[in-house]
Amino acid sequence: MSGPNTDYDPVEVTPLKPEEVEASRDAALAAIAAATDLAELKQARIDHTGDRSPLALANREIGALPPQARKEAGQRIGQARGAVNQALAARQAVLEAEHEERMLVEETVDVTLPTDRVPTGARHPLTTGAELIADIFVAMGWEVAEGPVIEAEWLNFDALNLGPDHPARTMQDTFWTEPADNHLVLRTHTSPVQARTMLTRTPPIYVVCPGRVFRTDEYDATHSPVFHQVEGLAIDEGITMAHLKGTLDHFAASMFGEGINTRFRPSYFPFTEPSAEVDLVCFVCRGAGVLDGAPCRTCRGEGWIEWGGCGVVNPRVLAACGVDAERYTGFAFGMGIDRTLMFRHGLEDLRELFEGDIRFTTAFGSDL
Amino acid sequence: MKAPVSWIREYVDLPDDATTEDLTARLTALGLKLEAIEKPGDQITGPLVVGKVLTMEPEPQKNGKTINWCTVDVGAANGTGEPQGIVCGAHNFKPGDLVVVILPGGILPGNFEISARKTYGHLSAGMICSARELGLGEDHDGIIVLPADAGVPGDSAFPVLGLDDEVIEFEINPDRAYALSLRGVAREAALAYDAPYRDPAERSVPEPNGAGYPVEIDDPVGCPVFVARKVTGFDPAAPSPDWMVRRLTQAGMRPISLAVDVTNYVMLEIGRPIHGYDADKLSGPIRVRRAAAGERLTTLDGTDRVLSPEDLVVTDDSGIIGLGGVMGGETTEMSATTTAVLVEAAHWDATSMFRTGRRHRLTSEAGKRNERGVDPVVTQAAADRVVELLTTYGGGTADPGVTVVGIPPQQAPIEMAYDLPERVTGMPIDAATTVANLEAVGCELDKHDTTVVATPPPWRPDLNDPFDLVEEVARIVGYDQVPSVLPREAAGRGLTREQRLRRRVGRTLAGAGCVEVISFPFVGDAAFDALGLPADDVLRTTVRLANPLSSEEPSYTTTLLPGLLKAAARNIGRGASGVSLFETGTVAFPVDRGPAPIYGVDWRPTDAELAKLLEAIPEQPLHLAVVLSGERERAGWWGDGREAGWSDAIGIVRRLGTELGVDIEVVSAARAPWHPGRCARVLVDGAELGHAGELHPKVCQAFGLPPRSAAVEIDLDLLMRRARDVTPGPEFSTYPLAKEDVALVVDASVTTAAVESALREGAGDLLESIRLFDLFTGEQVGEGRKSLAFALRFRAADRTLTEEETAAARDAAVALAAERTGAVQR
Ligand SMILES: [Zn+2]
């Protein structure tokens, strides 16, 4: 058994000489500082802290020293390695930040590139327009009633006080189904829905009836054999024309903006008595009739736009539909949805609504 | 109805400063709606003056024409007082005549500017005007020669010609037939200004006597009153007076001859249509009766008509001589040689007039009035007025005989509570106002404590109910006085479930890139042929229209596809590279359950009657159709685009199913108009919802669509009925997911759905989801075989699954797939 080599002189172990350790440390710090990217830094880490690096090799020599020398050498190496690791970490942080910054710059894209990979859909303004109107009335507690478009003649005419010889039956040129003595028509208005409602429900009744209607009109920029109407019906105790006016004023303001109200002119509809035509304050010139010094195009300088018809439900209609006319009164109104949208949106030609050109419809999106 | 303002003013003392605009505004407020105001002179700018022809020298020209070189006294209108030299091509005047002259600087209709110009060797300083040049009519036989008392040279010609007389055109509602006359319009004007009114029908008429033309009425319901007067020795060549011609022209009627013009004039004035017979062509007494079936009459318009037993006819010994109240017959027509006129002023039943007019497709000014209801009391006055005008201007003699047969129908009195106008209109209307306004419209009143009994005037056959009286009271108070009050808040339940679902479907489709269209629901064989529907296809059984817009499309449609495919083609034709469209709309299928009954209207039909009526109405399910054509995803910097195809169509149905919580089952099918190998029949709980897939190549071609266009049509009502009502809150596990992918080779004819359902069933409860992620065919899997790669995802609700558990579930899945479909794991 041999004892420690007392002849061994620590200063004679070259790698552990203070100047050698300092030189290795300085070389490492220099390499770290010189690293310009993370790869070079990685190489510097391997070169100067790896298993075969001078400081690692020197560290391995410590065990060979006599105990009294180990502490000092250990301290020296430890300090050097600590300084190197610290420098590495600091440099790593700097280079990583630089790298990330560069990456973000390099990944810059042209955000103005088109993004329309999938085409946009849209709902038809007549659909969304009818919904807008329905929502205005639903907000007042009304309900939306609907019915078939091929309708019994009795419901489309007779029940509404349009008897077989009523002149209004020729005013509304009607599509009849074959054979005509089947007494079925393409409904000429949505009023049969009102009749159906009165026939099947007990008052109070507050319904709005949007839907498709038919008349044998020529097809041109302002007429169509197929068009859309919304009608309203209120049956309750104590209903008067004043409630009709209030409801239509509210409807007009909701649809066209605050301050847009209506006026009544005496008219004639078999369904109602008294009857009135409803005009709407022109929402473009706000009733002035003049816009920028020229006659307003929307209302043709009138300040008013013809909107629809209305009146107090004729007691004869109440009788045919089983409503107690002694106890209840009612009002009804109706207007064209197509026409309403035409002036609300400044459409020039009604036929645009029925052509199905996606450029027209997509302009409106999914709601009005 | 066109009414010259000067004519209105003849019967009512309007304030001098009442403008036509103010008058029409007030009349509109009363219910006579303004259609237009015509200002006949507004195309002419002065100086347009009365001139007196001093000299005229005919000068023949080389071109064969002869012109007149005239000097015309235009007073001081030309600034000099000297005669004006004018060249005129007309010859219907002579020196001393008063004519109408437009001087240089004036403008005639058509923006025709007048200047002094050299013509035919003279300096012609102005123009002597014809009626046509002034826009006063088509008469271009010569220039206008004014009556000698028309004015003095230099006077403005505007008032002389009535060019400053504005004409108001009204739109008359059916209930206000009385306003189809100046008598009625003026009455409303008097009401509008509370001004004195003179009734043109109020005149003293000779007493009826037995010396008149014999008339018998067989049908006093159809013809309650018949008045006949006769004028003899009448000059058929006598011209109508200028004022009458002008008024008829202003009212939109064409002057024809004195006899015809007088009857038209009196109709406009009093509202009572008049018929004139050539009295020399009549033989024997006049009788009014209903026609016998099969009787015929050639009417004035030259049409030979077969009459109906409902038609009222006028006869004499020769047979039928007129369709009463609608149109006279040819045999007794007045002509250019008529010297004796029998004037008929009869009252006819309005309903009968309406039916006869409609049956024979006859519309006339007389018919329009007779079918809406004419004052039955004014027959004598109207006939007397005709006699007066004929004898005054035609030089004849009034025959002393006056025939009046029958009595005018009476208006039924109406009882109304005084407060009804207030209760109905919401306006504060007291009893005094109610009484005053009813009297103002001509009602005779019998006043009780709480009610008033009103007998409407004879010219108001439209007043039958208390509510009719309310309208009369209210329109005079003024509709602008109606307060604006919201009714009480109604207790509605919001949109129905179906209404909400429809919105949801629309939004889902728009979200899927589809654009909604609305098409006309008319269809014909051409569209069915283009869809390739077999002859016995159920879609060809349609509800047909008796009077379709076009004989090419005589039916209400049974499918939304034709309209949709046409719209898609229109978009493609306009340059769209791809188009995705949808439509929701009703289609119709006939039912054969008899005609829809017509019930009375005095009371509500019974529930059973109502049910009978409703069941006669055709089935009208709501359909949804989609067409996907051309580019579905665009090409771009991101890469290639993608054309629409069968899978997009089926995908849309599945997407709707997911949105509405409905399990959609897809099976292959062959159905026109789809490609027989690329068509899916879509089912819900075994019920057919519709079809989806690629369209048949011939259909694409027929509609002009890109190849491989795809389409869907489903019964939306059915889908919505099956929609999940209340969605239960979902439960899901948060334990780790176990993934297993399996690739199975099956026969090419085995459907993915079959393999998937076997895998799903075999995997058991631990399976969370299954999805096909790859489909592969080729040499490696063998001829007639395909490889389906599924991603299986397992998870337990209560624990982390072990590898053994997962593997066992996977193996069980594969085993069942193998058993059911012959699948072999790769
Ligand atoms: Zn305006």
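Measuring with a 1.4 angstrom probe and ignoring ligands and nucleic acids, B:Ser364 comes out at about 40 Å² accessible. How tilted is helix A:125-138 with respect to the longest principal axis of chain A? Cα atoms for both, answer in degrees (0 to 90, nearest 10). Taking Cα atoms only, the helix is inclined about 80 degrees.
Express the carbon and sulfur contribution to the solvent-accessible surface of region B:497-722 as a percent, rounded to the nearest whole number, probe 1.4 angstrom. Write down the numbers at each step before the final one.
Values: 4670 of 9570 Å².
Percent of accessible area from carbon and sulfur atoms in region B:497-722: 49.
Near the amide H of B:Arg305, within less than 5 Å, lie the amide hydrogens of B:Leu297, B:Thr298, B:Thr299, all on another chain or at least 5 residues away, with H placed in the peptide plane. Roughly how many whole Å is it from the C-alpha centroid of region B:591-655 to that of region B:503-572? Taking the Cα centre of each part, region B:591-655 and region B:503-572 sit 10 Å apart.
Every helix of 4 or more DSSP H residues in chain A counts as -39500 (n - 2.57), and over all residues that averages to -12500 deg cm²/dmol at 222 nm.
Under 5 Å between amide hydrogens, built in the peptide plane, is the criterion, and for A:Phe175 it picks out A:Leu186, A:Thr216 among residues at least 5 positions away or on other chains. Rounded to the nearest 20 debye, the dipole magnitude of chain A is 640 debye, with +1 charges on Lys and Arg beta carbons, -1 on Asp and Glu beta carbons, and the Cα centre as origin. Annotation: amide H-H contacts under 5 Å for A:Glu146 (H modelled 1.01 Å from N, sequence separation of 5 or more, or interchain): none.
Computed 3J(HN,Hα) for region A:328-344, one whole-Hz value per residue from the Karplus formula 6.51 cos²θ - 1.76 cosθ + 1.60 where θ = phi - 60°, is 10, 10, x, 10, 9, 8, x, 8, x, 6, 3, 5, 4, 5, 4, 7, 5, glycine and proline marked x.
So how much accessible surface do A and B hide from each other in total, probe 1.4 Å, in square angstrom to the nearest 100?
Values: alone 20530 and 41380 Å², together 53430 Å².
So the total buried area for this chain pair works out to about 8500 Å².
All other residues whose Cβ lies under 11 angstrom from that of B:Gly704 are scored, Lys and Arg at +1 and Asp and Glu at -1, for a net of +2. Give me the base-10 log of I(q)/I(0) for the protein assembly as shown at each q in 0.04 Å⁻¹, Debye formula, one uniform scatterer per Cα, rounded to two decimals. With no solvent term, the Cα-only Debye profile gives -0.40.
Note that region B:690-697 has calculated 3J(HN,Hα) couplings of x, 9, 8, x, 7, 6, 4, x Hz, one per residue in order, obtained from phi through the Karplus relation 6.51 cos²θ - 1.76 cosθ + 1.60 (θ = phi - 60°); glycine and proline are x.
For region A:231-240, 3J(HN,Hα) computed residue by residue from phi via the Karplus equation (6.51, -1.76, 1.60; θ = phi - 60°) reads 10, x, 9, 10, 10, 7, 6, x, 6, 10 Hz, glycine and proline entered as x.
Against chain B, whose longest principal axis is taken from its Cα atoms, helix B:752-763 shows a tilt of about 50°.
Of B:Lys739/B:Lys786; B:Lys566/B:Lys612; B:Lys39/B:Lys368; B:Lys281/B:Lys368, which sit over 30 Å apart, Cα to Cα? Violating the 30 Å limit, Cα to Cα: B:Lys566/B:Lys612.
Burial annotation for region B:632-664: residues with an accessible-area loss of at least 30 Å² between the isolated chain and the complete set of protein chains, computed on heavy atoms with a 1.4 Å probe, are B:Arg632, B:Glu633, B:Arg634, B:Trp637, B:Trp638.
Counting heavy atoms of the protein chains alone, B:Val441 has an accessible area of about 10 Å² for a 1.4 Å probe. In chain B, Cα pairs under 8 Å separated by at least six residues give a relative contact order of 8 percent. Kindly express, to the nearest 10 degrees and within the range 0 to 90, the angle between helix B:350-359's C-alpha long axis and the longest C-alpha principal axis of chain B. It is inclined by approximately 60 degrees. For region B:79-231, pairs of C-alpha atoms spaced more than 27 angstrom apart make up 54 percent of the total.
Using the Cβ-Cβ distance between B:Asp199 and B:Lys698 with R0 = 51 Å, the FRET efficiency computed as 1/(1 + (r/R0)^6) comes to roughly 0.10. Summary value for chain A: 15 percent relative contact order, contacts being C-alpha pairs under 8 angstrom separated by 6+ residues. Computed with every protein chain present, the accessible area of A:Cys285 is close to 10 Å² [probe 1.4 Å].
Remark: region A:10-106 carries 62 Å² of accessible area per residue (probe radius 1.4 Å; ligands, DNA and RNA excluded). Global size of chain A: 44.9, 140 Å for Rg and Dmax (C-alpha atoms, Rg to one decimal, Dmax whole).
If I compute solvent accessible area with a 1.4 Å probe over the protein chains, what percent of it on region B:738-825 is carbon and sulfur?
Its accessible area is 47 percent carbon and sulfur atoms.
The values are calculated or read from the model by the stated rules, or taken from the named source; none is laboratory data. Source: prediction; values computed, not measured. With ideal geometry, Cβ positions are generated from the backbone for all residues, glycine too; neighbour counts draw on all protein chains shown. Calculation scope for accessible area: heavy atoms of the full protein, side chains included, ligands and nucleic acids excluded. Shrake-Rupley method; radii C 1.70, N 1.55, O 1.52, S 1.80 Å.
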